[in-house]
Each structure stands twice: as structure tokens, then as C-alpha cells.
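**Q** Let me begin by handing over the structure; questions about it come next.
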Amino acid sequence: MSESEKQEMTKLIRLDKLLGHSGEGTRKEIKHLCKSGSVTINGSVCVNSATKVDFEKSVVAVDGRPVFYTPFHYVMLHKPENILSATRDHFSKTVLDLLPPCYKGTGMFPVGRLDKDTTGLLLLTNDGDWAHRITSPKKEINKIYEAVVTGTIPDDINFQFQRGIVLTDGFLCQPAVAEKIGDYTLRIVIHEGKFHQIKRMCAAVGLTVTALRRMQIGQLVLDETLHYGEIRILTEEERELPFQ
């Protein structure tokens, strides 16, 4: 096979995958769409959802409406309380339940996690490589939180956090930053993501976290115009901010 033929092959994609990544529904729903005669390729009805399509040259339409292939999605969510950072759960609502129907079938998932009662900046995508770059401990990407606490904030809390807090199970946290920004409010910077880490770090210095909100990942800041549960698409420039 020639190099040009190999390049052409890489442009071929299953019709159901193309439609799914473009927000036209789940694989089952897309299969039904095709069988009903609603899908056309270059003007001809296609009833087989497994048909291979050249996404650069072919014109795919659903009920006469052109569909443009979007392989990857990048979304900022202002996560509210009592929502799980998961793709599915039998008992609780997840962050995927907050996405509009157009993202159904795109394979979206949360980038990392926030505790159920933690609010603020959460990213969602279906780009595994991008997500891994953000969550990989080797990248040491800073995550910035605001924590409301009860108890007396130690004068040397930043020294203790920078030295490395030892949790009750003996785990030594990597150096972090803790800045008092209010009588009962801390700005905390970490680049790890251990289970309940900030709450446990605060507990180690005699504080109880009553509210926790993530404000920033790298240089990407939570859009304060977003209400709880709202999303917006990241711009191309914003997609690089977590790494800066």
C-alpha cells in the first residue's frame, strides 16, 4: 500500500462514530436513524450505520441537515454540589447528566475528579491524551482552590503546607501553598489529587473544611459568568492554558 493510500485510509471512519462524535445520539439511536432512512451520504440514503465514510470529502446529513465531524470536545463546567465526577452512577446524578443532549454519544468524561460536595472548575472531554496531560502527576499542574474552614488558622500554615503535610495514614503530601485570604478562608495550591486531600491536609492542622471550590487549573480560570451546572466550550487558546 502506498503512502498516499495509507493517508486516505486514516480519513475513513464508521458512520455511527462520526455521527456520535458530532452529537447525533448513541450508537443504538444512530442505528435506528440510519434504518429509518434519515441519514444520507453525498445525497444517497445510507441504512448501514457501520459504513465507512471519508470525513473530509463526504457530505453526511441527517434529515437533510449537514453534519460536521467533530472528533474532540473540550468543555468547562461550573460544577455544583451533590454531583458525582463520574460517567455513570446507579444512585446519584453525575456531571454527564448536566451536559446538553448534543453531547450524548460523544464519549465525554470528566478530567480528573472533584468530590461530590466540592464545587467549581471541572473540565470534560473525549480527548484521552489531553486529559492525561492534565491529570498526570508527572506534569505537576497546579490546581487552585478556595476553602472555607472552621477552627483557628495557624499562623504558620503556609510553612506547614510547603514542608509537606503528613496525613493520618502516613502519606506525605507534596509541598503545597496555603494562603489566608479571609478570617475563615484559604487559597490552597496543590498539584496532587489524592482522595479528599485538601480536607485531610486541613484536618492535619486542626481545621475542618466546610466548603471547597476549585478556581483554577494551571492558568485556566473558572469563568465566573457560568452559573452552577452551566458549561461552555473552551477556545483553542484556553485548551493550552492548563499547561502554562
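**Q** What's the total number of residues in the range 119-146 that are among the hydroxyl-bearing types (Ser, Thr, Tyr), assigned to a strand (DSSP E or B) and out of contact with any Pro (no Cβ under 8 Å at 6 or more places or on another chain)? Outline the logic, then answer.
**A** Initially, the range 119-146 is screened for residues among the hydroxyl-bearing types (Ser, Thr, Tyr), giving 119, 125, 135-136, 145.
Pick out the ones that are also assigned to a strand (DSSP E or B) and you get 119, 125, 145.
Restricting the remaining residues to those that are out of contact with any Pro (no Cβ under 8 Å at 6 or more places or on another chain) gives 125, 145.
Residues in the range 119-146 being among the hydroxyl-bearing types (Ser, Thr, Tyr), assigned to a strand (DSSP E or B) and out of contact with any Pro (no Cβ under 8 Å at 6 or more places or on another chain): 2 in total.
**Q** Tell me, yes or no, whether the range 169-181 has at least one residue that is over 30 Å from residue 240 (Cβ atoms), over 26 Å from the mean Cα position of the chain (by Cα) and part of a helix (DSSP H, G or I).
**A** no
**Q** Could you tell me which residue of the range 152-168 is nearest to residue 112 (Cα to Cα), considering only residues that are part of a loop (DSSP other than H, G, I, E, B) and out of contact with any Cys (no Cβ under 8 Å at 6 or more places or on another chain)?
**A** Only one residue tops the list, namely 168.
**Q** Within the range 47-62, how many residues are in a loop (DSSP other than H, G, I, E, B) and within 17 Å of residue 22 (Cα to Cα)?
**A** Number satisfying all stated conditions: 8.
**Q** Looking at 83, 13, which is the one that is touching a Lys or Arg at 6+ places or on another chain (Cβ under 9 Å), surrounded by 20 or more Cβ atoms within 10 Å (Cβ to Cβ) and either at pLDDT 90 or above or among the small types (Gly, Ala, Ser) (or both)?
**A** The conditions single out 83.
**Q** What residue, of 150, 185, 94, is polar (S, T, N, Q), in contact with a strand residue (DSSP E or B) (Cβ under 7 Å, 6 or more places away or on another chain) and outside the structural domain of residue 205 (by TED's automatic domain parsing)?
**A** Selected residue: 94, the only one of 150, 185, 94 that is polar (S, T, N, Q), in contact with a strand residue (DSSP E or B) (Cβ under 7 Å, 6 or more places away or on another chain) and outside the structural domain of residue 205 (by TED's automatic domain parsing).
Here is a yes/no grid of residues against (1) acidic (Asp, Glu); (2) in contact with a Pro (Cβ under 8 Å, 6 or more places away or on another chain); (3) buried (at least 18 other Cβ atoms within 10 Å of the Cβ); (4) in a helix (DSSP H, G or I):
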site: 72; (1), (2), (3), (4): no, no, no, no
site: 91; (1), (2), (3), (4): no, no, no, no
site: 114; (1), (2), (3), (4): no, no, yes, no
site: 117; (1), (2), (3), (4): yes, no, no, no
site: 149; (1), (2), (3), (4): no, no, yes, no
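**Q** Pick out the one residue from 25, 20, 37 that is closer than 30 Å to residue 236 by Cβ and either part of a loop (DSSP other than H, G, I, E, B) or at pLDDT 95 or above (or both).
**A** On the way: 20 fails: either part of a loop (DSSP other than H, G, I, E, B) or at pLDDT 95 or above (or both); 37 fails: closer than 30 Å to residue 236 by Cβ.
From the options 25, 20, 37, the qualifying one is 25.
The values are calculated or read from the model by the stated rules, or taken from the named source; none is laboratory data. Because the structure is predicted, anything quoted here is derived from the model rather than measured. Cβ sites come from the backbone with ideal geometry, for glycine too, and all protein chains shown count toward neighbours.
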